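We did not get these values from a lab; they are worked out from the coordinates using the rules stated. No experiment lies behind these values; they were computed from the predicted model shown. All Cβ positions, even for glycine, are placed from backbone atoms using ideal geometry, and neighbour counts span all protein chains on display.
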Amino acid sequence: MLRFVARRLVWMVITLAAISFVTFVVIKLPPGDYTTTVIANAEARGQDIPDSQIAELKRHYGLDKPFLVQYFTWIKGVVLHGDLGQSFAWNQSVASLIGNRVLLSMVLSIASLLFVWAIAFPIGIYSALRQYSAGDYFASFLGFIGMAVPEFMLALVMMYVGFRYFGQSVGGLFSPEYADAAWNLGKLLDLISHLWVPIVVVGVAGTAGLIRITRANLLDELHKPYVATARAKGLPEWKLLLKYPVRMSLSPFFSTVGWLLPGLISGETIVSVVMSLPTSGPLLLGAVKSQDMYLVGSFVLILSTLTVIGTMLSDLALAWWDPRIRTRFQKG
Amino acid sequence: MQPLLEVRELRTHFELGDGVVKAVDGVSLSVPRGRTLAVVGESGCGKSVTARSILRLVERPARIVGGQVLLYDDVAGKEPLDLLAAKDKRLRQVRWADIAMVFQEPMASLSLVHTIGDQIIEAVRLHENVGKQAARDRAIEMLDRVGIPDPKRRVDSYPFQLSGGMRQRAMIAMALSCRPRLLIADEPTTALDVTTQAQILDLLQDLQQEFGMAIMLITHDLGVAAQVADEVAVMYLGEVVEQGPASAVLSHPKHPYTRALVRSVPRLGQRGQERLVAVRGTVPPPYERPSGCRFHPRCDAFMAGKCDVTVPTRVRSDEIDVACLLYGEEER
């Protein structure tokens, strides 16, 4: 098992190195660089920036150096000092810029993930066990609606309802009076009172999808002979269903759970833009638009690190859950 | 002597979209105490459904629509328990403690994500008030008894780590772990190779000697029936057409269907030039049962105006109960 983990770690490092390089190449692909954005902005304001100042900017940001030098300077900072570089547009270090937002993103994502699980698993299991019952049809109906309605639409509707009928300050994660306040109990309560709307908005599609998946997986298992064996043994119905087919039906879920990790900080971009949530999604969107290359590069690097770690966690979780996988790991 | 189990006029139907398939339609048979009854017949004659109906294990769309399954107490004179009318709770007590089952596919009928020990211990603790360690000791003892080498280690193995024969042995160990009075074995050797099949059948006979339980063996293989059975019941189209001592039924069958079946089995020493005789005609489609005697369209002894009109009732001829119009008039 240890050997397996060690081997996977080595591959992870190689994968990440490759990803970071490719990312850098992709960022550099479009013509121009951050100075192009500066010039465009200046022209939009009717100003003209002299060539000498542009050259000065390029030198300041290191954009005049060859591509490879830029890459290695950046990656050296990341690896040796954990320094993700500077954001041009914000004139701040990338780390300080995204730190807060990533935290809020993760709070939002984890909360909506728990929301999805808490709702989807029981409903999915119920739907499978009572296939074609009125309750199953109702759950399926809601599920299809949940999957079909776009998140931003749902966000707008809920914001309207929240504002019109409940007089809530809509948008953002904090009321105006708390937005810049230091953390205290009031701010926390304020956050929670705001958080449920995006949780529901972000969670609805996921809930709908997971209900369908849970139901389909469980239906595949329900009529297998080992369930008949358990029944023949005299186990009470609910106990045997939970111990045998439900357990088996969760294996596919474990094999994909790790993919949720990168989604934790980038999954809710559109909703965040619509509801102006101070999470990381909108920041990434803005950075890509203005070719703020170290910010984008760092984001992609963080996302891919999470993806790779998530995949590995998935594999380990699956091994823990399913002995057929576990024994294979132990052998090789 | 009082039988252990008596099935009377059992009817289990499949209610499908385009009609009702009467898979079991008036099965009557009795299982003698401590002996082996083989239930034989072609695929689709309803033998497995009969076996499952005894413990009420049939699932939608199948439904038990009538009949009685009487389980007699060891104390003579006590009222038998009708399993089809029993409350769910009472039925669960009978399952495994009084009547246990072994299924065709050991790989599919054991849970692959639970250890063999776990599955045996669960059954023992469900029906007997014993501690974990005692139940585990019982599991090891049973695994040893069914000839699994190194049972102390194997008790913690998963089913997929064993060979097919060993898996079926583990299944048998599980079935006998609560010392049932009746073991229903539904094609227990069909998925195994011939050598393993012989070993498993020997094992079943040894265990029967040791534990004194009755065995109801479902098989399509007359050779298997001849090897182990004390009694044979022959099924055709959801009915038992003949039941009697194995030696009598297999060497001097009464019913034309049994005769045809016995003729169709190759024998050692049979001359190579002789063609095997197949049962004439084909099994009629499931939605239409022939009138009168259900076997009449394929019968060599068909009597026009009689067999296609009158439904034969069971009569005793020599030691055999047979449902055929050739018998009875003079013996009745």
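Ordered by the count of other Cβ atoms within 10 Å of each Cβ, fewest first, B:TYR287, A:TYR294, B:TYR72 give B:TYR287, B:TYR72, A:TYR294. For chain A, the longest principal axis of the Cα atoms and the long axis of helix A:2-28 meet at an angle of about 40 degrees. Only helical DSSP H runs with n ≥ 4 go in: add -39500 (n - 2.57) per run for chain A, normalise by residue count and round the 222 nm mean residue ellipticity to 500 deg cm²/dmol. Dividing the helical sum by the residues of chain A leaves -25000 deg cm²/dmol.
Across segment B:11-88, the volume of the C-alpha convex hull divided among the residues equals 106 Å³ per residue.
What is the average number of partner chain Cβ atoms found within 10 Å of a Cβ in B:49-56?
Mean partner shielding for this stretch: 1.
For B:GLU239, the residues whose modelled amide H falls within less than 5 Å of its own, excluding neighbours fewer than 5 places apart on the same chain, are B:ASP25. Per residue of peptide B:105-114, the mean number of Cβ atoms on other chains within 10 Å of the residue Cβ is 6. Taking other residues whose beta carbon is less than 13 angstrom from the beta carbon of B:VAL241, and scoring Lys, Arg as +1 and Asp, Glu as -1, yields +1.
Over chain B, dividing the summed -39,500 (n - 2.57) contributions of all DSSP H runs of at least 4 residues by the number of residues returns a 222 nm mean residue ellipticity of -8500 deg cm²/dmol. Ignoring aspartates and glutamates fewer than eight residues from A:LYS76 along the same chain, the ones with Cα atoms less than 20 angstrom from its Cα are A:ASP64, A:ASP292. Residues whose amide H comes within less than 5 Å of that of B:VAL39, counting only those at least five positions distant or on another chain, are B:LEU217, B:ILE218, B:THR219, B:ALA233 (H built at 1.01 Å from N in the peptide plane).
For segment B:107-179, the gyration tensor built on C-alpha atoms gives a prolate shape. Its axis ratio a/c (a ≥ b ≥ c) is at least 1.5, and a/b is the larger of a/b and b/c.
Between helix A:94-129 and chain A there is an angle of about 20 degrees, using the helix long axis and the longest principal axis of the Cα atoms. Straight-line cross-link partners of A:LYS187 among the lysines, defined as a Cα under 25 Å from its Cα and at least 8 positions apart when in the same chain, are absent. Gyration tensor analysis over the Cα atoms of chain A returns equivalent ellipsoid semi-axes of 44, 29, 16 Å (largest first, whole Å).
DSSP finds beta bridges in the protein assembly as shown, and of those with both partners inside it, around 65 percent are antiparallel. Note on chain B: antiparallel DSSP beta bridges, both residues inside, total approximately 60 percent of the bridges counted. Remark: the protein assembly as shown projects, on average over all directions, an area of 44.5 nm² (convex hull of Cα atoms).
Direction-averaged projected area, Cα convex hull, segment B:205-304: 8.4 nm², rounded to one decimal. Taken residue by residue and averaged, Cβ atoms of other chains lying within 10 Å of the Cβ of A:220-228 number 5.
In degrees, nearest 10, range 0 to 90: what is the angle between the Cα axis of helix A:185-222 and the longest Cα principal axis of chain A? That works out to roughly 50 degrees. Of the DSSP H helices in chain B, those with a Cα length along their own long axis of 24 Å or more and a mean Kyte-Doolittle hydropathy reaching -0.5 comprise B:194-211.
With θ taken as phi - 60° and the Karplus curve 6.51 cos²θ - 1.76 cosθ + 1.60 applied, the whole-hertz 3J(HN,Hα) list for segment A:132-143 is 6, 7, 4, x, 5, 4, 4, 5, 5, 4, 4, x Hz, x standing for glycine and proline. Pairs with C-alpha atoms separated by more than 31 Å, drawn from the list A:LYS243/B:LYS78; A:LYS224/B:LYS22; A:LYS243/B:LYS47, are A:LYS243/B:LYS78. Among A:LEU108, A:TYR137, A:SER276, flag the residue with its Cα farthest along the positive direction of the charge dipole of segment A:100-290, charges on Cβ as +1 for Lys/Arg and -1 for Asp/Glu. Going by the Cα projections, it comes out as A:TYR137.
Across segment B:221-332, C-alpha contacts under 8 Å between residues 6 or more apart give a mean separation that, scaled by the residue count, equals a relative contact order of 23 percent. In summary, the aspartates and glutamates within cross-link reach of B:LYS152, defined as a Cα separation below 16 angstrom excluding same-chain residues under 8 places away, comprise B:ASP118, B:ASP137, B:GLU141, B:ASP144.
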